[in-house]
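Inspection log for the structure reproduced underneath, given as structure tokens.
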Amino acid sequence: GRIDPVQCSVPIMSPASLLRLILLAALWGGSFYFLRALAPVFAPGPLILVRVGCAALFLTVMAIARRRRIELLRHGRHYLIMGLLNAALPFVLFAYAAHSLSASLLSILNACAPVFGALFAALWLRTGISRPTALGLLMGVCGVALLAGSDIGLPASGWAAPLVAGLAASASYGLATAYAKAVPDSATPFQNALGSMWAATLMLLPALWASPAPTGADAGHWLAALMLGVLSTGLAFLLYFRLIEDEGPTRALTVTFLIPLFGVLWGSLFLGEPVGWSLLTGGALILLGTALSTGLMQRAPASDRSSQAVTPREP
């Protein structure tokens with residue numbers, strides 16, 4: 001019979017990788033703070049154009065500095081699909097939702113991406129879900145549900161469309177995961193990110209003409225938009241690639257459930273968003289569910305450390 005490799009045990013993540021994982025979660029969690037802070041000034045399209053454009057330029061500079069191959073045309077169709085599902089569409093949806101929802105709640109909605117990914121994989125690829133993974137996902141869902149309780153609730157009115165947009169963004173991430181598994185590509189994770197960022201930039205160029213100009217944007221707002229693109233997107237991708245190289249894609253995806261912790265923290269510290277008892281309980285469930293669902297408590301297969309068919313689940 002077939003043996004599920006994720007049910008074997010493996011040494012824990014190295015301290016250096018754990019530090020990168022925490023920094024990555026902090027950067028990606030910070031993206032929701034930036035979205036919430038910039039939403040009153042920038043329309044969703046232009047804001048995300050700045051984000052993906054800065055990320056594309058940053059990754060290109062890093063590719064040149066590290067002498068990495070840049071093959072934008074060779075995998076053009078693949079980059080367009082990934083750029084749409086994994087960047088342009090979910091980024092714009094979250095930017096739209098940020099007009100009404102808190103940074104805390106946005107980061108929690110983002111944590112639903114693995115659930116959508118597992119659902120699409122089961123429907124499209126007819127893949128099974130191991131018991132540890134199912135238990136971990138269930139605990140993660142329970143954790144984010146607690147975080148989305150009364151302490152970090154929805155606004156009094158006008159929340160339905162933004163909430164649907166946030167869930168649709170997570171669903172788009174999940175669909176991108178299923179697509180990447182169904183249509184494996186020879187491009188490396190770095191090439192996928194670089195190509196998808198340039199593809200998303202091209203897709204969002206019409207937003208410059210279709211959206212109103214930023215109103216009331218000062219130097220601080222533009223600096224925050226630059227940080228969103230360079231730090232919370234470009235630099236975050238580099239950390240993610242290093243985690244894939246050192247620990248494998250399964251462990252790198254641990255960051256998905258850690259992002260809400262930092263999303264809630266930054267929202268509380270810098271935006272004054274309320275935080276109550278559910279943060280501790282929900283955070284504990286998320287951490288434990290993450291460890292189970294991504295194999296931190298089991299042995300990751302040897303092939304997991306070299307797999308290239310992984311798409312970052314970035315906010």
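Excluding ligands, DNA and RNA, the accessible surface per residue across the range 118-225 is 50 Å² with a 1.4 Å probe. In the assembled protein chains, T254 presents an accessible area of approximately 0 Å² (probe radius 1.4 Å). The peptide list 168-174, 89-95, 66-72, put in order of mean Cβ contacts within 10 Å with the highest first, becomes 89-95, 168-174, 66-72.
The fraction of accessible area contributed by carbon and sulfur in the range 117-222 is 70 percent, rounded to a whole number (1.4 Å probe; ligands and nucleic acids excluded). Among F34, F237, the order of accessible area from largest down is F34, F237, computed with a 1.4 Å probe on protein heavy atoms. In plain terms, if you count all Cα to Cα distances in the range 1-148 and split them into 5 Å steps from zero, the share in each step is 2, 7, 11, 15, 18, 17, 16, 11, 4, 1, 0, 0 percent. Working note: Karplus 6.51/-1.76/1.60 with θ = phi - 60° gives the range 269-275 the couplings 5, 9, 10, x, 6, x, 9 Hz, where Gly and Pro are set to x. Here the Karplus curve 6.51 cos²θ - 1.76 cosθ + 1.60, taken at θ = phi - 60°, turns the phi angles of the range 203-218 into couplings of 5, 8, 4, x, 5, 5, 9, 8, 10, x, 5, x, 10, x, 6, 10 Hz, with x standing for Gly and Pro.
Descending by average beta-carbon neighbour count within 10 Å, the peptides 53-60, 224-231, 81-88 line up as 81-88, 53-60, 224-231, the highest first.
The values are calculated or read from the model by the stated rules, or taken from the named source; none is laboratory data. No experiment lies behind these values; they were computed from the predicted model shown. Counting neighbours? That spans all protein chains shown, and the Cβs are built from the backbone with ideal geometry, glycine included. SASA here: full protein model, heavy atoms, side chains in, ligands and nucleic acids out. Shrake-Rupley method; radii C 1.70, N 1.55, O 1.52, S 1.80 Å.
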